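The values are calculated or read from the model by the stated rules, or taken from the named source; none is laboratory data. This one's a predicted model, so the numbers in the text were calculated from it and none came from an experiment. Glycine also receives a Cβ, built like all others from the backbone with ideal geometry; neighbour counts cover every protein chain displayed. Ligands, DNA and RNA are excluded from the accessible area calculation, which covers all protein heavy atoms including side chains. Shrake-Rupley method; radii C 1.70, N 1.55, O 1.52, S 1.80 Å.
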Amino acid sequence: MALILGLAEGPIGATPGLAQAPNSLAQSAFDEGRWRDAVRLGAMPQDPLGMAIAAQAELMSYAYSDDLAAQSAAVDRAVLLADAAKVLAPHDPFVLLQGAAAYGFRAQLNRSRRDAHMARQLIDAALWQAPDNAYAQAALGFWHGRTVLGAGSFAARMVFDARRSSAIEAFEKALALDPDNLVIRSGYAQLLVRFGKNAHRSAALGHLRWVVAASARTALERHMQENAQLLLAAQDAGADPKALKQLADDLAPFSDSSAKEG
């Protein structure tokens, strides 16, 4: 969670079916890539969906920053916003998934087992409320995948019950529910590349080509499309699987160099 949400690759940017109308000004700012405006417009008292959008925007503001202190502060703010939204709308899938993204990326930055478990609990709660929600399924896939990448296959399985096969299964369910979703398909493709397994290479490239050919409507979709273009260009230039995996790692939100999938 991405996160997550992860939650971009993963839950970042997800806008599942809402229990009520979102803060339209905050949502418009987010869709246009005006992250700080989305935070300002969304972080309103008694507006849980606005606060969830603000949490999204906090994450997007610093997801690709080189300033680790700024990233840490942003995920802390996102957690606070998501927690406040959850108090007001404890059963809303969108609110739950933005909380999962915030906790998931904080777990990634701080190597926090507690935050990783909290992210999973929030994803499970969203799935309980909306089992056929494509973003909830994608969030589960991202959680499994990023946990495996961060901890390694053995530790991820033993400590978190996270598996690469479960990540793939969840993303396949998400695409079956929403096959034309550019964000989900791009996140899945990038995750497959990051696994670094030859068995996933053909599927990953097929998804990336679909993303590049699609019509991007929002700033987040354009960003994901640009990532897909970079990965395909590297592939066409003859990058070996290790180099392509490294590029996918570098393009991931809140990227780090410690991914050690085994």
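Numbers for the structure displayed
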| item | result |
| --- | --- |
| Residue that is open to solvent by 40 Å² or more (accessible area, probe 1.4 Å) and within 14 Å of Ala43 (Cβ to Cβ), where the choices are Asp67, Asp83 | Asp83 |
| Considering residues of region 34-90 that are of a type in the set (Phe, Trp, Tyr) and within 15 Å of the chain's Cα centre (by Cα) only, the residue modelled with the highest pLDDT | Tyr62 |
| Only one of Ala216, Ala234, Ala203, Ala243 that is in a loop (DSSP other than H, G, I, E, B) and over 17 Å from the mean Cα position of the chain (by Cα) | Ala216 |
| Near pairs, Cβ below 6 angstrom, 6+ apart or cross-chain, from region 46-57 (assigned by the TED database to the domain that holds His91) to any residue that is surrounded by fewer than 24 Cβ atoms within 10 Å (Cβ to Cβ) and of a type in the set (Val, Ile, Thr) | none |
| Qualifying residues in region 116-166 (those that are open to solvent by less than 30 Å² (accessible area, probe 1.4 Å) and not in a helix (DSSP H, G or I)) - the one farthest from His91 (Cα to Cα) | Gly152 |
| Residue in region 178-199 that is surrounded by fewer than 16 Cβ atoms within 10 Å (Cβ to Cβ), at negative phi and of a type in the set (A, V, I, L, M, F, W, C) present | yes |
| Residue in region 140-157 that is of a type in the set (Val, Ile, Thr) and within 22 Å of Val79 (Cβ to Cβ) present | yes |
